[in-house]
Amino acid sequence: MQVPFLDLERLHRSIREQLDAAYSRVMDSGWFIMGPELEAFEAEFAQYCEVKHCIGVGNGLEALHLLLQAYGVGPGDEVIVPSNTFIATWLAVTQCGATPVPVEPDIDSHNINPALIAAAVTSRTRVIMPVHLYGQPADMDPINEIAARHGLIVIEDAAQAQGARYKGRRVGSLGDAAGTSFYPGKNLGALGDGGAVLTDDDAVANKVRQLRNYGSKIKYRHDIAGYNSRLDEMQAAFLRVKLALLDEWNGRRRDVADRYSKLLAGTDIDLPQVPDYAEPVWHLYVIRSKQRDALKTKLEQQGVSTIIHYPIPPHQQACYVGFRELALPVAQMLANEVLSLPISPAMTVDEVEFAARTIAISLASNEAAH
């Protein structure tokens with residue numbers, strides 16, 4: 001059996017008729033940028049995320065970058081970020097000329113550890129940017145409390161967590177604003193790049209709308225130096241199809257995760273932990289193993305595809321050479337041990353059970369070899 005990490009072709013085949021209809025609707029309209037599909041999607045996704053405003057933009061990185069720009073974050077400012085995250089979180093900060101200040105994760109959730117944030121706050125801190133990694137919400141109440149105490153902005157990086165809840169509230173509605181991504185592999189994925197800003201703040205929403213469209217409110221009048229970062233009509237139409245299915249698909253991901261957790265209980269790997277406050281959507285199912293590389297190789301040999309999220313932490317990347325001397329041992333340990341198993345709404349029970357059985361056999365053979 002071959003178990004792909006994420007079979008988008010199979011997933012899209014199941015909704016091909018709806019996607020074809022969305023494509024035809026846009027083609028027949030002759031309107032491809034900033035039109036009725038985008039307006040409808042923004043209204044629908046804002047309602048889904050329990051916020052007033054959704055502003056569609058080019059991708060998840062630009063969503064975070066434009067938000068920071070809208071809040072006036074720039075050179076001399078600091079933004080608290082997780083040490084364990086995809087590099088886009090850091091890039092959004094440095095693209096504004098600000099400085100990312102990494103804080104280590106909680107070892108159980110892999111999300112930023114709120115207990116370590118206060119010590120990272122300085123007179124230059126403007127923003128705390130928690131990431132809801134792997135589809136599991138960060139612990140937002142203590143983060144918001146620290147922000148309120150110090151007069152800081154909270155921007156959620158919700159790129160991996162569309163539909164997740166924290167204490168009953170949707171991710172994207174938990175801070176001052178949020179950025180999310182519609183990269184094809186996300187729980188709510190476009191058929192190309194895309195992203196969005198979410199907020200209840202009218203002024204921030206209006207500023208982001210202006211920034212995404214060349215700094216213009218009225219055509220050919222440019223009051224600020226903006227960008228070209230607009231979610232196009234075709235992607236908005238495709239996303240409307242998928243948004244209607246998001247809760248159902250997240251439920252299937254939850255079923256896959258539950259099955260993995262039951263089948264892999266008692267094995268010599270660390271399984272994902274879900275705190276009481278979280279309703280994750282399982283963008284990724286991430287295990288930890290000190291024999292990660294050997295396990296990954298054996299699984300690939302048996303037809304089970306896996307990915308490492310992420311093999312090099314941001315502070316060790318070549319583009320952030322000035323951060324390499326920072327002591328961030330938890331982020332480094334996770335980079336050495338994490339392994340993401342196949343997970344998708346399209347996975348079959350047989351595929352999940354084959355993957356879990358192959359893991360158990362591989363771990364047993366490793367033990368026997370030692």
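The values are calculated or read from the model by the stated rules, or taken from the named source; none is laboratory data. Here the structure is a predicted model, which means the values were calculated and not measured. Note that each Cβ is placed from the backbone with ideal geometry, even for glycine, and that neighbours are counted across all protein chains shown. For the accessible areas, the whole protein counts, side chains as well, though only heavy atoms, and no ligand, DNA or RNA atoms are used. Shrake-Rupley method; radii C 1.70, N 1.55, O 1.52, S 1.80 Å.
Between the beta carbons of ASP108 and ALA21, assuming R0 = 45 Å, the FRET efficiency works out to 0.55 to the nearest 0.05. Here the chain has 51 percent of its accessible surface on carbon and sulfur atoms, given a 1.4 Å probe and all protein chains in place.
With a simple spin-label model that places each label point 7 Å from the Cα along the Cα-to-Cβ direction, the separation between THR297 and LYS219 comes to 6.1 nm. Which helices, taking whole DSSP H runs in the chain, have alpha carbons extending 24 angstrom or more along the helix axis plus mean Kyte-Doolittle at least 0.0? Helices passing the filter in the chain: 349-369. Each label was represented as a point 7 Å from its Cα along the Cα-to-Cβ direction; for GLN273 and ALA115 these points are 1.0 nm apart. One quarter of the convex hull surface built on the alpha carbon atoms of segment 91-190 amounts to 6.6 nm², the projected area averaged over directions. Shape summary: segment 255-306 maps onto an equivalent ellipsoid whose semi-axes, from the alpha-carbon gyration tensor, are 22, 12, 10 Å in decreasing order. For the chain, the mean residue ellipticity at 222 nm estimated from helices alone is -12000 deg cm²/dmol, where every DSSP H run of n ≥ 4 contributes -39500 (n - 2.57) and the total is divided by all residues, rounded to the nearest 500.
Plainly put, segment 83-123 has a radius of gyration that is 1.00 times its Kirkwood radius, both from alpha-carbon atoms, as the Rg/Rh ratio. Taking every Cα-Cα distance in segment 61-102 and sorting them into 10 Å bins from zero, the calculated P(r) comes out as 35, 58, 7 percent. Accessible surface comparison of MET234, MET27, MET34, probe 1.4 Å, protein chains only, largest first: the order is MET27, MET34, MET234. Normalising by residue count, segment 98-152 has a Cα convex hull of 77 Å³ per residue. Surface analysis of segment 206-353 yields an accessible area of 48 Å² per residue, using protein heavy atoms and a 1.4 Å probe. The stretch between GLU248 and TRP31, if pulled fully straight at 0.36 nm per residue, gains 75.1 nm over its current Cα-Cα span. Computed with every protein chain present, the accessible area of PHE354 is close to 40 Å² [probe 1.4 Å]. Potential lengthening of the chain between ALA364 and ARG324 amounts to 10.7 nm, from the contour at 0.36 nm per residue minus the alpha-carbon distance. Across segment 317-370, the fraction of Cα-Cα pairs farther apart than 15 Å, rounded to a whole number, is 69%. Projecting the alpha carbon convex hull of segment 22-122 along each direction and taking the average yields 8.8 nm². Ranking ARG212, ARG252, ARG149 by solvent-accessible area of protein heavy atoms (1.4 Å probe, all protein chains present), from largest to smallest, gives ARG149, ARG252, ARG212. A simple charge model with +1 on the Cβ of Lys and Arg, -1 on the Cβ of Asp and Glu and nothing else charged puts the dipole of segment 269-370 at about 320 debye relative to its Cα centre.
Taking every DSSP bridge with both residues inside the chain, close to 60 percent are antiparallel. Counting Cα-Cα pairs of segment 113-272 in 5 Å increments starting at 0 gives whole-percent bin shares of 2, 8, 13, 16, 17, 16, 13, 9, 4, 2, 1, 0, 0. By the Cα gyration tensor, segment 257-370 has an equivalent ellipsoid whose semi-axes, rounded to whole angstrom, run 26, 18, 14 from largest to smallest.
Two numbers describe the Cα atoms of segment 1-73: Rg and Dmax, which are 16.6, 52 Å. Stokes-Einstein diffusion for the chain at 10 °C, viscosity 1.306 mPa s, with a Kirkwood radius from C-alpha pairs, works out to 75 µm²/s. The fraction of Cα-Cα pairs per 10 angstrom bin, counted from 0 for segment 186-260, comes to 17, 32, 30, 14, 6, 1 percent, rounded to whole percents. Dipole magnitude for the chain: computed about the Cα centre from +1 point charges on Lys and Arg Cβ and -1 point charges on Asp and Glu Cβ, it is near 440 debye.
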